[in-house]
Amino acid sequence: MPKRIPSDAIDTLVGIIAERDRGATLEDIAPLVADVPRRTLQHRLSVLVSQQRIVRVGKGRATRYHQVPTLTLREQAERYRADEPASNISATLRLTPQGKEVQQLVRLPLIARTPVAYNPDFLGEYRPNETFYLPSAIRGELLECGRSLDSVRPAGTYIKTMYNRLLIDLSWNSSRLEGNTYSLLETEYLLTQGRIPEGANLHDIQMILNHKTAIDMLVEQQEDIDLNRYTILSLHNVLSDNLLADSDAQGRLRMRPVGIAGTVYLPLEVPQLIDEYFGAILDTAGAIKDPFEQSFFMMVHLPYLQPFEDVNKRVSRLAANIPFIRENLSPLSFVDVPIAEYIEGLLGVYELNRIELLRDVFVWGYKRSCLRYSAMRRTLGEPDPFRLHHRSALYETIAEIVRSRMNRSLAVTFIRNKAAESVPESERARFIEVVETEIMNLHDANIARFRLRPSEFQAWKDGWR
């Protein structure tokens with residue numbers, strides 16, 4: 001087992017690098033930590049790079065390490081809101097009046113928000129099957145949306161039929177919500193071919209591969225998984241693999257305080273209480289009968305407790321799918337979920353113990369997932385205004401990829417260049433996602449709308465590597 005890296009040693013390295021505006025070389029750092037063997041120092045620097053605590057630039061003797069500008073949760077929300085204008089997907093997320101109120105409150109400057117600690121009564125006052133975060137009408141609506149033809153078959157039957165699609169969608173979208181920079185096509189290529197591009201961001205790759213391992217576990221062990229200690233700790237173990245400075249923290253409840261930048265919320269610090277409330281969360285969740293209430297409950301209370309040193313939100317997103325797997329319901333892949341509203345929904349839980357904004361995001365996100373996976377598709381809302389507005393550019397890009405017989409690598413570059421030429425900067429990420437989704441879903445019966453001939457499609461498909 002790898003040796004634990006002392007937290008003070010990590011802080012020292014980050015501090016040394018932060019003091020140098022132009023970055024620091026290994027030769028700059030080594031004399032300042034003379035008691036650390038060179039190989040150990042190189043390992044620690046690699047760990048910090050994988051965690052995105054520092055950035056490595058250059059190769060060999062020219063390698064320099066730089067400080068990473070950290071974004072607070074609030075700054076993340078502001079950045080992603082700027083990237084998701086009214087014409088984008090977030091425009092179709094219609095918030096309830098209560099959700100809008102929470103959003104306004106968490107957008108206030110930090111100085112105007114009252115610092116709060118973990119509130120055990122928020123969990124203690126919840127009574128399974130008596131208290132409901134999701135009203136009856138919403139639960140009924142989600143059931144109709146997510147019901148599958150496999151509902152009377154053994155648990156996990158439905159999820160196995162869509163495994164390949166879900167693996168890519170959930171791995172990419174959950175990673176995207178953490179700021180991962182990999183595109184959808186790059187994620188597909190990594191997961192289906194197992195190839196790591198030269199110069200790729202190793203932290204992003206590790207995050208996506210960890211999602212694959214976690215999803216595999218949920219699907220392959222569907223008879224044994226549940227909202228219990230073994231499953232949740234196992235999820236954390238695989239999702240945090242090679243991403244924590246202290247490898248001993250993988251799959252273990254935290255033993256030290258943590259802080260969340262950009263919020264006035266102060267997570268619980270006492271290890272014994274963390275263990276106690278973690279058990280209470282699982283006991284409460286296990287007693288909830290409705291799968292949608294059960295799923296949302298986990299999305300609220302796991303991040304709120306912050307039971308792990310890191311990767312809490314990722315664990316909550318995959319744990320939220322466990323009730324759906326067991327009940328053969330359409331999974332929740334977080335497709336199209338806007339990052340800004342998701343972060344603000346969590347801030348509402350952290351600081352106000354209010355779930356309305358996160359609930360709006362959860363309900364809307366589940367319906368979007370149902371559109372992608374449900375055997376019986378239903379029309380939800382109006383056509384996507386983004387697709388309508390950029391229809392010509394989208395169709396031209398897809399057609400050109402096929403007619404030019406591009407492989408995945410060429411297509412990724414072409415799509416990014418086309419986005420830079422065709423749409424404003426704030427809409428490029430969405431443009432890339434839509435094109436890549438359409439490319440992944442091309443088949444004989446849908447190529448006509450792109451004015452493609454069957455012979456063109458087949459020639460491209462034969463070379464799609």
- Message: Against the condition touching a Leu at 6+ places or on another chain (Cβ under 9 Å) and outside the structural domain of F132 (by TED's automatic domain parsing), how does I447 come out, does it pass?
- Response: no
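For the condition surrounded by 12 or more Cβ atoms within 10 Å (Cβ to Cβ) and in contact with a His (Cβ under 7 Å, 6 or more places away or on another chain), what is the one hit in F450, F457, F431?
Only one candidate passes the filter, namely F431.
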- Task: Go through the residues of the range 380-387 one by one and say whether even a single one is under 19 Å from N173 (Cβ atoms) and charged (D, E, K, R).
- Result: yes
- Item | Enumeration of residues in the range 193-205 that are crowded, with 16+ Cβ neighbours inside 10 Å and either in contact (Cβ under 8 Å) with a residue 60 or more places away in the chain or closer than 28 Å to I274 by Cβ (or both) | H203
- Within the bounds of the range 455-463, is there any residue that is in a helix (DSSP H, G or I) and in contact (Cβ under 8 Å) with a residue 60 or more places away in the chain? no
- Query: Does S392 count as of a type in the set (S, T, N, Q) and at pLDDT 90 or above?
  - Reply: no
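I'm trying to understand the selection: among the residues of the range 230-270, which are touching a residue at least 60 places away in the same chain (Cβ under 8 Å), assigned to a loop (DSSP other than H, G, I, E, B) and among the aliphatic types (A, V, I, L, M)? Step through it out loud before you land on a result.
Of the residues in the range 230-270, the ones touching a residue at least 60 places away in the same chain (Cβ under 8 Å) are 231-232, 235-236, 239-240, 242-249, 256, 260-268.
Pick out the ones that are also assigned to a loop (DSSP other than H, G, I, E, B) and you get 240, 242-246, 256, 260-264, 267-268.
Passing the criteria: L243, L244, A245, I260, A261, V264, L268.
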- Task: Pull up the range 289-339, narrow it to residues that are part of a helix (DSSP H, G or I) and in contact with an Asp or Glu (Cβ under 8 Å, 6 or more places away or on another chain), then point me to the one that is surrounded by the fewest Cβ atoms within 10 Å (Cβ to Cβ).
- Result: K313
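Can you tell which of Y182, Y163 is aromatic (F, W, Y), more than 20 Å from R354 (Cβ to Cβ), buried (at least 17 other Cβ atoms within 10 Å of the Cβ) and modelled with pLDDT under 95?
Answer to the selection: Y182.
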- Quick one: in the range 25-70, of everything that is under 27 Å from the mean Cα position of the chain (by Cα) and part of a loop (DSSP other than H, G, I, E, B), which residue is modelled with the highest pLDDT? R53
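The values are calculated or read from the model by the stated rules, or taken from the named source; none is laboratory data. Only a predicted model underlies this, so the values are computations on that prediction, with no experimental measurement involved. With ideal geometry, Cβ positions are generated from the backbone for all residues, glycine too; neighbour counts draw on all protein chains shown.
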